[in-house]
Amino acid sequence: MPSHTSHVPVPGSERRILAGARAVGTPHLKERLEVTLYVRPRTGIAAMKRALAAERLGAIMPAERRHMTHEEFTAAYGADPKDLAAIEAFAKAHSLTVTEVSPAKRSVVLAGTVAAFSEAFGVSRATYEHWG
């Protein structure tokens, strides 16, 4: 099982407590959660943005455009099967259940307890109260 020192924060995923908020409790460790993970595209974000750029598509007459099938889109821009397999192995190692996998949407839905998610991702949860 990987240690928390092997965890790498995802830039932009941090959550800051609102000014004036106060902690009012913690969820029960046996409470069940579902979390959706979004996976990088197999070709990289830059290649995907170039391929789907409105300017590029707009320069082609509609009758001359070739539209991809769902299968072609998934093969070109969907999640890499190796990434999906790594997430499934991670989930199994941390007592989480994979409830949905979508290579086309590049997403994996995991389910488990607060305790399992806290251990797996090295995070803690709290309930806050804020006037707004």
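The values are calculated or read from the model by the stated rules, or taken from the named source; none is laboratory data. Note that this is a predicted model, so its numbers are computed, not measured. Cβ: placed from backbone, ideal geometry, glycine included. Neighbour counts: every protein chain shown.
Quick check: anything in segment 37-58 without any contact (Cβ under 8 Å) to a residue 40 or more places away in the chain and closer than 21 Å to Ser6 by Cβ?
Scanning segment 37-58, I find no residue that is without any contact (Cβ under 8 Å) to a residue 40 or more places away in the chain and closer than 21 Å to Ser6 by Cβ, so the answer is no.
Tell me which helices (runs of 4 or more DSSP H) are completely within segment 48-119 and hold 3 or more residues being modelled with pLDDT of 85 or more and over 16 Å from the mean Cα position of the chain (by Cα), or say none if there are none.
70-77
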